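The values are calculated or read from the model by the stated rules, or taken from the named source; none is laboratory data. Being a predicted model, the structure only gives us computed values, none of them experimental. Every residue, glycine among them, receives a Cβ derived from its backbone with ideal geometry; neighbour counts consider all protein chains shown.
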Amino acid sequence: MEEPLIELAGVARRYDMGEVTVTALEQVDLRIDRGEFAVVLGPSGSGKTTLLNMIGALDSPTEGQVRIDGQDISRASRAELFAFRRQTVSFIFQTFNLFPALTALENVEFGADVSGHGEARAIARETLDRVGLGRRGGHFPHELSGGEQQRVAIARALATRNPILLADEPTGELDFRTGVQILELLHEQSHTEETAVLIVTHNREIARVAHRVIELSSGRIVSDAPNPGGPADIAELHW
Amino acid sequence: MKRPRLWLRWSLRDLRARWPLVLAIGIVLAIGTGVYAGLGSMERWRVASNDASFAALNAHDLEVSLTEGTTAPAGSLSRLVEGIPAAGSIEATEERLRLQTQVEVKGPGEEPLLVPAEVIGSPSASPVPIDGVYADSGRALRAGDEGRPVAVLERNFAAFHDLPARGELRLADGNALRIVGLGGAPEQFLVTRPGGGEFGGAEAGFAFVFTTLRTAQEIVGGPPGVNNAVMLLDEGAPVGAVRRQLERALAEARLSGDVTTLSEETSHRVLYKDAAGDQQLLDIFAFLIMAGAALAAFNLATRIVESQRREIGIGMALGVPPRQLAIRPLLLGAQIAVAGTVFGLALGLMMGEIFSGVLESLLPLPEMRTPFEAGVFARAAAISLALPILATAIPVWRGLRQTPVEAIRVGFRSARGSGVAGLAKHLRLPGSSVAQMPLRNALRAPRRTLLTLLGIGAVLSVLVSFMGLIDSFDATIDRSEAEIAQGNPDRVVVTLDGFHDARTARRVVEEAPGVVAAESQLTLPVSLAAPGAEGFDGAVTLLDFASPIWTPTLSAGTAPERGGREIVISEKAADDLGVGVGGMIEIVFPRRLGSGFTEVRAPVRVSGLHPDPFRTFAYADSTAAAAAGLRGAANRVSVTPGPGASSNEIARTLFQSPMVASVEEAKATTDLIRNRLDDFLGVLRLIELFALALALLIAFNSSAIAIDERRRENATMLAFGVSTSKTMALAVAEGLIAGLLGTLVGLAGGLLVVNWVVDQTLPQTLPDLGLVIAIAPASLAVAAAVGVFSVALAPLLSARRIRRMDVPSTLRVME
């Protein structure tokens, strides 16, 4: 059996908030393979973002093990975690998190550069073209619309060419049309580049296009199954 | 990261977005480093100027002074010097005649000035003039002036009274001298007066008159005499040995007098000691201003970097190595450092110019040396370079210690509500939630609040300590003046030109118009010592403790017993000697022996203490005169003037009396100390202005950053319909809290500094003075106004930004 790209075993994450302990994740077991397009669904506070942060090594589990491409990142050193984030995962945030003082092109170039690609400028141009913003490269984030900013954020993630792409409510701030464009981009990446795409959302409509839907509730996986009838075409979506 | 140009470009964009703040922090640092560099040069300048001035005028190495009132035939002192075994190591000797007198000189006012004076007659034709007299206006004395009635008037006295370089002065005995110039000599670089202690500043009421030796001898009349000789020694000559030989020679010649070195000369000693002592104080002030600026710069730079924390988090999420993430904030620190250093050095140079100007006007020396002090400036530059980089490195380090999730969290600028904020949530505060917001905002970010109030507090400490020291000096002098004037505020003291029969002196003075009552006194130099304590010099006045004219207040103990070996000393003297009432001390005083004096050492009992803050004043019963061989003699007369009679009128009446040397108000000594302190306080007031500017800049910067940090919160309030004025009021209230706490810290810090200066520094620099610590209500009000109102009102400068805020886009989280 081939080793999964992402493997979580008995993962728990608890936060001490003064006198109370908040459990964000509890006993989470999960395996995701290369090229998989998975959606994590759940209401607010169900632990979706925490799960994403665990996989992306932005946070570490209180219990359990997170293995990415065979490497146990829950026991990795700080330096190893930085290297892991550079070379293995890419993030797309709901709030874009672009660098305000860098232009769109520079933001994307930054992603390629960080991951150690030699032709960072060329990759950035190509990726910006791919997301339809080739002519907007010289603009600063505050000069772009929300949808454009999110596309720049996606381009930055894609430019890293890392095997895992994690998206936290990537369409949450966007209108339907722009949201669909974003989903198309992510879908394409998953198919053409064999990138494992994990999208966190509370929008059930988005889950229709995924190969696999994982549902979280109160920090536990309550369901993990392929989409019944296979993934829907993005053109069929509406919300 | 392989693209340094990208980081550089990024950093330049940061600078473009934040240049007003970077500039403002740079200026804050610049004031700190500028003051540090400017003040730090003072001692070196003063020492260099002292050295150059004493060398330029051939200041003596040794001086022989005969006891006051005695003279020796002209040439006898030179022969005495030539006769000692070490005469070969003496390069040159000059005999002089110094006369205590009183002069009348016409000033710009209607009434002529009448002041005590000393005429110094020196040879004018020496090839190597020792203690040369220079003239900075008019002309100096020259060979042809020997025997002619011409003189150079001491320049500080002339400057104080705005006297011209040409004019005439009249001596007490009626002789007149034509003033040909204004100038000075090494012993008068700092004008002190006999009995005036080390305070200098005597130029207001004491005139030195430089003339030729023959002219001085002709003023006295009779066979030419001298009472003073100054010597220059060869390089490397054994000063101590020559001095001992001279002392032996004086004793063998049956001449009463002292041999002193240049370093014992009051002007020389005080100029060098003051340079070091004042520098200690200036260093404290420079340090305080630097600390205030450093804390403020640290706080402000930290807060700017904190605002980049989220971007650091994004970088971490993208896996950028920590050392690369540190580049951008450190470049910001470097920009602040460069701005602070460049402005600081410019300001330091400017302050150097200002301080050297102040120095020249306070201590005018013939040779001023105020070169650029590279070492001091290098130190200041190093501090201003290191500080901002450190200030940015610490929050970067803290940021990188966090998990990316924490760093990236929206609302990153807000504290997490831990620590004090956590405790504060249990506080029951009055008012609505909006009204509670300023205090809660202050409590939820305790570290930031602490840094802000420490920055304000440090600068206010400087202000408070300056004002506290000024007030304390004033209060001390007021206390001394109150003691001297108690019961008889218009009291006048007539100083005699030597020892006279007490009854005769009293009668002569009493007969003068305007005098209601007079009482003769005897004032003698005295050294006080006690086992285990460092002794000091002072003056003991022998008087009648039942006198209706004036007696010292007794704060403890009783008046000395008549005929007993008892003394009244000041509380400060008792403290320094480690004795109380009933304790025994040892005094050294002169005893008349034939035509001269000898020193006598005797144990005496402290019968009482007086509250005058000057430890040099001691009192004994008039019957103690016998122990000094001066039974029935007096050298001062204390006078109660009649209603409307001034000291000047009494002086004018007594001017012709052969036994009167001077007439002045009893509080003249405190006046001259006040004059001297006013000079020093001039420097303090200058620094105070910079402290004020610093406080205002810090207030502005804190406010600007706070508004930036709170922009989302302010946008939320505006979105909820809270008016702009109410939003501003909340910012003002928050500033008020920081200002109030900062002011309290500043007041406490200032008081601590004043106490420290008084307890640790002043005992070395002004050992004779027991400073009364006092801070006037007006000073407290100024400190409070600066601390509270400037910080509280500073947010109003950002009112435009709040009024023009684009609420929807500010609320859209981020970029």
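Right, A:Ala124: in contact with a Phe, Trp or Tyr (Cβ under 9 Å, 6 or more places away or on another chain), assigned to a helix (DSSP H, G or I) and either closer than 25 Å to A:Leu5 by Cα or modelled with pLDDT of 90 or more (or both) or not? Yes; evaluated as a whole, the condition is true for this residue.
Annotation: of all residues in segment A:65-89 being hydrophobic (A, V, I, L, M, F, W, C) and in a strand (DSSP E or B), the one that is nearest to the other protein chains (Cβ to nearest Cβ) is A:Val89.
Quick check, is B:Thr761 within 14 Å of chain A (Cβ to nearest Cβ) and either more than 24 Å from B:Ile456 (Cα to Cα) or surrounded by 15 or more Cβ atoms within 10 Å (Cβ to Cβ) (or both)?
For B:Thr761, the condition - within 14 Å of chain A (Cβ to nearest Cβ) and either more than 24 Å from B:Ile456 (Cα to Cα) or surrounded by 15 or more Cβ atoms within 10 Å (Cβ to Cβ) (or both) - is not met.
Out of the residues in segment B:358-367 that are assigned to a loop (DSSP other than H, G, I, E, B) and modelled with pLDDT under 80, which is surrounded by the fewest Cβ atoms within 10 Å (Cβ to Cβ)? In this case the residue turns out to be B:Pro364. Residue count for segment A:4-61, restricted to those that are among the hydroxyl-bearing types (Ser, Thr, Tyr), crowded, with 21+ Cβ neighbours inside 10 Å and within 11 Å of chain B (Cβ to nearest Cβ): 2. Of everything in segment B:278-324 that's of a type in the set (D, E, K, R) and at pLDDT below 75, which residue is farthest from B:Ser41 (Cα to Cα)? Selected residue: B:Glu306. B:Ile477 passes all but one of (1) surrounded by fewer than 23 Cβ atoms within 10 Å (Cβ to Cβ); (2) outside any helix (DSSP H, G or I); (3) within 31 Å of the chain's Cα centre (by Cα); which number fails? Tallying (1) surrounded by fewer than 23 Cβ atoms within 10 Å (Cβ to Cβ); (2) outside any helix (DSSP H, G or I); (3) within 31 Å of the chain's Cα centre (by Cα), B:Ile477 fails exactly one: (2). Of all the listed residues (B:Phe372, B:Phe377, B:Phe355), the sole one being aromatic (Phe, Trp, Tyr), assigned to a loop (DSSP other than H, G, I, E, B) and modelled with pLDDT of 75 or more is B:Phe372. Among the residues making up segment A:128-154, those that are within 13 Å of chain B (Cβ to nearest Cβ) and under 11 Å from A:Asn107 (Cβ atoms) are A:His139, A:Phe140, A:Pro141, A:Leu144, A:Gln149, A:Val152, A:Ala153. Only one of the listed residues (A:Thr95, A:Thr103, A:Thr127) is more than 21 Å from A:Arg177 (Cα to Cα) and of a type in the set (Val, Ile, Thr). That residue is A:Thr103. The helices (runs of 4 or more DSSP H) located wholly in segment B:263-338 that include 3 or more residues which are closer than 30 Å to A:Leu52 by Cβ and within 14 Å of another protein chain (Cβ to nearest Cβ) occupy B:309-317, B:322-325. Out of everything in segment A:90-109 that is more than 7 Å from every other protein chain (Cβ to nearest Cβ) and touching a helix residue (DSSP H, G or I) at 6+ places or on another chain (Cβ under 7 Å), what residue ends up being surrounded by the most Cβ atoms within 10 Å (Cβ to Cβ)? Checked segment A:90-109; the qualifying residue surrounded by the most Cβ atoms within 10 Å (Cβ to Cβ) is A:Val108.
Only residues that are farther than 18 Å from A:Ala124 by Cβ, among the small types (Gly, Ala, Ser) and more than 11 Å from the chain's Cα centre (by Cα) were counted across segment A:143-190, and they come to 6. Under the condition of being surrounded by fewer than 19 Cβ atoms within 10 Å (Cβ to Cβ), touching a residue at least 60 places away in the same chain (Cβ under 8 Å), under 21 Å from B:Pro129 (Cβ atoms) and hydrophobic (A, V, I, L, M, F, W, C), the residues counted in segment B:56-92 number 3.
One line per residue, one yes/no per condition, for (1) in contact with a Pro (Cβ under 7 Å, 6 or more places away or on another chain); (2) buried (at least 16 other Cβ atoms within 10 Å of the Cβ):
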| position | (1), (2) |
| --- | --- |
| A:Asp113 | no, yes |
| A:Gly118 | no, no |
| A:Ala122 | no, no |
| A:Thr127 | no, yes |
| A:Arg136 | no, yes |
| A:Ser145 | no, no |
| A:Gln149 | yes, yes |
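Considering segment A:110-119, and only residues there that are under 21 Å from B:Ser11 (Cβ atoms) and touching a residue at least 12 places away in the same chain (Cβ under 8 Å), the residue that is farthest from the other protein chains (Cβ to nearest Cβ) turns out to be A:Ala112. Take the conditions touching a Phe, Trp or Tyr at 6+ places or on another chain (Cβ under 9 Å) and surrounded by 18 or more Cβ atoms within 10 Å (Cβ to Cβ) and apply them to A:Ala207. Does it pass? When the stated conditions are applied, A:Ala207 does not pass them. Only one entry in A:Ala210, A:Ala232 is assigned to a loop (DSSP other than H, G, I, E, B), in contact (Cβ under 8 Å) with a residue 40 or more places away in the chain and among the hydrophobic types (A, V, I, L, M, F, W, C), namely A:Ala210. Scanning segment B:437-446 for residues that are assigned to a loop (DSSP other than H, G, I, E, B) and either under 30 Å from B:Leu282 (Cβ atoms) or modelled with pLDDT under 85 (or both) turns up at least one hit.
Scanning for something touching a His at 6+ places or on another chain (Cβ under 7 Å) and either of a type in the set (Gly, Ala, Ser) or more than 30 Å from B:Gly746 (Cα to Cα) (or both), does segment B:659-666 turn up at least one residue? Scanning segment B:659-666, I find at least one residue that is touching a His at 6+ places or on another chain (Cβ under 7 Å) and either of a type in the set (Gly, Ala, Ser) or more than 30 Å from B:Gly746 (Cα to Cα) (or both), so the answer is yes.
Only residues that are of a type in the set (Gly, Ala, Ser) and surrounded by 24 or more Cβ atoms within 10 Å (Cβ to Cβ) were counted in segment A:153-195, giving 5.
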